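The next block holds one structure in the form of structure tokens; read it before the comments.
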Amino acid sequence: MTHKKTIIIDGSKGEGGGQVLRTSLSLSMLNNQPIEIRNIRAGRKKPGLMRQHLTCVLAAQQISNAAVEGAELNSQYIKFTPNAVEPGEYEFKIGTAGSTVLVCQTILLPLVLAGRASSLKLHGGTHNGMSPSLTFFEHSFLPALQTMGISCQVKTTKLGFFPAGGGCWQIDIDPTDTLSPCLFEQPGLELEQQQSHCKAMSIVAGVKNSVAKREIEEAKKRLGWNAPHTEILNCAAHGQGNSFHLSVGHQNQVAMFEQMGELGLSAEKVAERTVDALKAYLNSGAAIEEHLADQLLLPMVLAGKGSFTTTQLSSHTTTNIDVISQITGTCIKTQQLNDKLWKVFLD
């Protein structure tokens, strides 16, 4: 058990959501640092620990044999005192359509650096429209981590769309001792010039393929794409679902934008919203879009060096920077390059 002084974190800071909790738990395990989080998710309509957030806490507790207080539904307070992270095989069930991806990200980096291989099996939501999907995690986040020396393999059994949930997938995590710096500064607009770097994909479960075809065709028309990679993915899922994805990039730099299909929302509207988000990114001159930018902060700090350009900093990103600074003392620097473009870096 550690004898470090407990760091007290205000969960209502910044955007006041679950990001403060997840980053704090990750860093607590990575640094063997006791933490106390107050006012958890105070900025949300339903404050405190929802099922997904509680699963994050319990997963972190299990892999680090931590002493925990306050780990119960709706709690706005936890005290978390970790021991050494123990690699191994683990299984976690949310029980709702809450994000299995965010649960995985909470414990992923501590397991990566734990010295031996690990395997996680996760049950719950994979595509809920309120957090990065499993598709984003597998095709944008993990490739970026691979440039830093992190290797993981995902096997999907069943997707879990909102509101049914019921997804099931596994991730096998290879260990590494040190991380290489992340360096992403090539603008997405340059990558888009080659159609081989562009992709439109529609995932459907219990939804007609004609919906997916309309989404893809509408996006191609709005973007002026002539020969992108296109894919309709018919997936097993618990309940019906549709998720549309546009991506630009190749190898380890992939910017992905996604939109859930909804009742009453036409295929064309789904495509339009996704296209609008992609165009804003392309017009900014950034290498990394805002969601991936937020998720690269912690691995960049662990590597000790790195830089990337991104669009206007989201409240998630600025909050995450503040939490990382409070727990580690590391100053992540940001520089506004113009009205649409920022640089995020460590010297």
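The values are calculated or read from the model by the stated rules, or taken from the named source; none is laboratory data. Bear in mind the structure is a predicted one, so any value in this text is a computation, not a measurement. Every residue, glycine as well, gets a Cβ built from its backbone with ideal geometry; the counts of neighbours run over all protein chains shown. Keep in mind that these areas ignore ligands, DNA and RNA; they rest on the heavy atoms of the full protein, side chains included. Shrake-Rupley method; radii C 1.70, N 1.55, O 1.52, S 1.80 Å.
Using a 1.4 Å probe on the protein heavy atoms, what percent of the accessible area of region 212-347 belongs to carbon and sulfur?
That fraction is 44 percent.
Accessible surface calculations at 1.4 Å, restricted to protein heavy atoms, place the chain at 42 Å² per residue. The angle between the Cα long axis of helix 290-303 and the main principal axis of the chain comes to about 40°, on a 0 to 90 degree scale. Under a 5 Å amide H cut-off, with hydrogens placed 1.01 Å from N, Tyr77 pairs with Ile40 among residues at least 5 apart or on other chains. Only beta bridges with both residues in the chain are counted; by DSSP, about 65 percent of them are antiparallel. Restricting region 236-298 to GluC sites (Glu not before Pro) that sit in a DSSP loop and have at most 13 other Cβ atoms within 10 Å of their own Cβ leaves Glu262. By accessible area, using a 1.4 Å probe on protein heavy atoms only, region 1-127 has 45% of its surface on carbon and sulfur. DSSP beta bridges fully contained in region 80-207 are about 65 percent antiparallel. In this structure, the pairs whose alpha-carbon distance is over 22 Å, taken from Lys199/Lys333; Lys199/Lys221; Lys13/Lys79; Lys221/Lys343; Lys155/Lys221, are Lys199/Lys333; Lys221/Lys343; Lys155/Lys221. Applying the Karplus relation 6.51 cos²θ - 1.76 cosθ + 1.60 with θ = phi - 60° to region 221-226 yields 3J(HN,Hα) values of 5, 5, 8, x, 7, 9 Hz, where x marks Gly and Pro. The angle between the Cα long axis of helix 18-30 and the main principal axis of the chain comes to about 50°, on a 0 to 90 degree scale.
Remark on Glu15: its backbone amide H falls under 5 Å from those of Thr319, a criterion applied only to residues 5 or more positions apart or on other chains, H modelled at 1.01 Å from N.
The alpha carbons of the chain stretch over 61, 44, 39 Å along the principal axes, in descending order. To the nearest 10 degrees, how steeply does helix 267-284 sit against the main Cα axis of the chain, on a 0 to 90 scale? In the chain, helix 267-284 runs at an angle near 70 degrees to the longest axis.
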